[in-house]
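Contents: one structure, followed by commentary.
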Amino acid sequence: MPSWGHACFGRCHVEREAVRVESFETNSGRVRGFRASDGVVAVLGIPYAAPPFGPRRFKEPQPAAAWAGVRGCTRFGAVAPQSAQLPGAPAWSPADKDILTVNVWTPAADGERLPVLVWIHGGAYTFGSSAQPDFDGTALARAGLVVVTLNYRVGFEGFGHIPATAGVSYPDNRGLLDQIAALRWVRDNIAGFGGDPGNVTVAGQSAGAASVACLMVMGGARGLFHRTIAHSPASPCYTLDIAAATTREIAAAVGCPATPEGLTAAGPDALVRAGDTVVEAYRRDPASGSRHYDPSLYAPVLDGDTLPTDPLTGMAQGLSREVDLLVCHTTEEYWLLDAVGSSAKVTHEEQLALFAHDFGLPDGLIDGYRAHAPEAPVLDIYLAVFSDLLFGEYSNRLTEHHAQAGGRAYLSRFDRRRTDPDGSVRAWHCADVPFAFGNHHNSDLAFLIGGAPTPADHDLAARMVRAWADFARTGDPGWPTVDHPGAPRMTWTSADCDSPGEPADTRALWAKAAFPLLRP
């Protein structure tokens, strides 16, 4: 499985009641879905852009073709090219072309204009889709939202850099451009589903949350949303030099020139296989630098055009001060990546020192973490540092930069963990998503939450769903804003969990660390 993006374990199952459902009008034609539950209609797999293949490959998304009659939309759309086969989502096939689709869950209240929440999935910019079971929008729709989830190009198709040659150029960050196209579809069509295009919240987790942060500073996305929710935003952005070097590695693995002609001649399946080959080489080589620990090949590219600046810098400059921001991170993010084998094992002091060197960590940072947990094994120190390096400290800085520039920002952390006969689980990456969506009861997600939910878990989910719904409706999730460094934040936990309470304060140890991460 690719590295630190969204991990998912389970089947996606949606009940389709045999009842008549009214159709909805879109700019491309009418669509009809199904009744997902009492009072909620789901419409799945609606094209928001044309298939990005053939003459449209590697280009900006183009408008979807119109259709006649009423299009049945009861299945999720095809996933983007990837090698991951996540349970609960369809596997990608080279025959799949119509991959740029959205899904809508709506209470369809007559005459109402409800707040809209648009969800962007994670997956290290390499895998994932909107069809995963924790992204079912039914519970949030019952809370009074119109929920939209979407697929976008990942891997080289979405984030690979193609060098320009005379007369031939392709945009970077095509996956982000797809997300903008989906937001334009929401602006133009969501009123027909009972949503308010003037009250749109964009949310995401992991690479999806980092995409949200990028959208906040992209001119092409301005005005398309009004609030943002970022769960576990991941910190890396890549320079053009890093992106170009990755392209050369991919091209070498394919056996083609690193040119527009060579890369367009390589099929999506060849580029996916090449990416897996390059990732495996990094995994096997402890001397290969920072990518050995987390061989994520793709990230948003600071190209000066589609993405002119990184989110931290852009927020500090006030580029997004008019957009409300809600950030959440888990307290043990990287333990999930260790559990599923997506992270290199670091179990000896020499490996830990090399890890600190490869990421250019400040002197004393590792010793500072060890002082807070003197009995912890090396692996736990490594996972704690890596968790904050990629997620925790970046979450703190995003909210603080946004607040200091005049924006309204809220910070929270997810610290629900448990150890009991039904299972043990940490407060790790992705564990918060089923609770925020209200899908924690889905048995297919038992791995993420450690078994069957308890009554206290049901209460936690209800509180998180309500916070999201309130934030999307009014901009206030129910706790104070971040007005200065160290301001209070919400802690999500359940009454029967094994949380040790407030974690050690490691913020000062990161004072000399530079963000965003730009190292490959």
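Derivation of every value follows stated rules applied to the coordinates shown; laboratory data play no part. The structure presented is a predicted model; accordingly, all values stated were derived computationally and were not measured. A quick note on method: Cβ atoms are made from the backbone with ideal geometry, for glycine too, and the neighbour counts reach across all protein chains shown.
Worth a mention:
- Shape of segment 369-432 from the C-alpha gyration tensor: oblate (a/c of 1.5 or more and a/b not above b/c, with a ≥ b ≥ c the square roots of its eigenvalues).
- Computed from backbone phi, the HN-Hα couplings of segment 29-40 come to x, 7, 10, 9, x, 8, 7, 6, 6, 4, x, 10 Hz, rounded to whole numbers (Karplus: 6.51 cos²θ - 1.76 cosθ + 1.60, θ = phi - 60°; Gly and Pro given as x).
- Cα gyration tensor category, rounded, prolate or oblate, for segment 157-210 with a/c compared to 1.5: oblate
- Positive-end extreme of charge dipole, the chain - chosen from MET490, VAL116, VAL168 (charges on Cβ): VAL168
- In the chain, the DSSP-assigned H stretches of four residues or longer account for a calculated mean residue ellipticity at 222 nm of -8500 deg cm²/dmol, using -39500 (n - 2.57) per stretch and the full residue count as denominator.
- Measuring between their Cα centroids, segment 105-147 and segment 258-283 lie 33 Å from each other.
- Test item: Cα-centred dipole of the chain, Lys/Arg +1 and Asp/Glu -1 on Cβ, debye: 1400
- Here TRP468, TRP479, TRP92 are placed in order of increasing Cβ neighbour count within 10 Å, fewest first, which gives TRP479, TRP92, TRP468.
- For segment 428-440, Karplus couplings with θ = phi - 60° (6.51, -1.76, 1.60), whole Hz, Gly/Pro x: 9, 3, 6, 5, 7, 5, x, 6, 5, 8, x, 10, 5
- Relative contact order %, the chain, counting alpha carbon pairs below 8 Å whose residues are six or more apart: 16
- Cα gyration tensor, segment 47-138 - rounded (a/c under 1.5), prolate or oblate: oblate
- Put in line by how crowded their Cβ is, counting other Cβ atoms within 10 Å and starting with the fewest, MET315, MET490 read MET490, MET315.
- Translational diffusion coefficient of the chain (Stokes-Einstein, Kirkwood radius from Cα pairs, 37 °C, 0.692 mPa s): 143 µm²/s.
- The spread of Cα positions in segment 268-392, taken along each principal axis and listed from longest to shortest, comes to 46, 42, 25 Å.
- Inter-part distance where segment 349-397 and segment 26-46 are each reduced to a Cα centre, Å: 47
- Note that segment 154-277 carries a Kirkwood radius of 16.2 Å, evaluated over its alpha carbons pair by pair.
- For the chain, share of DSSP beta bridges that run antiparallel, in % to the nearest 5: 35
- With Cα atoms as the point set, the radius of gyration and Dmax of segment 297-345 evaluate to 15.8, 42 Å.
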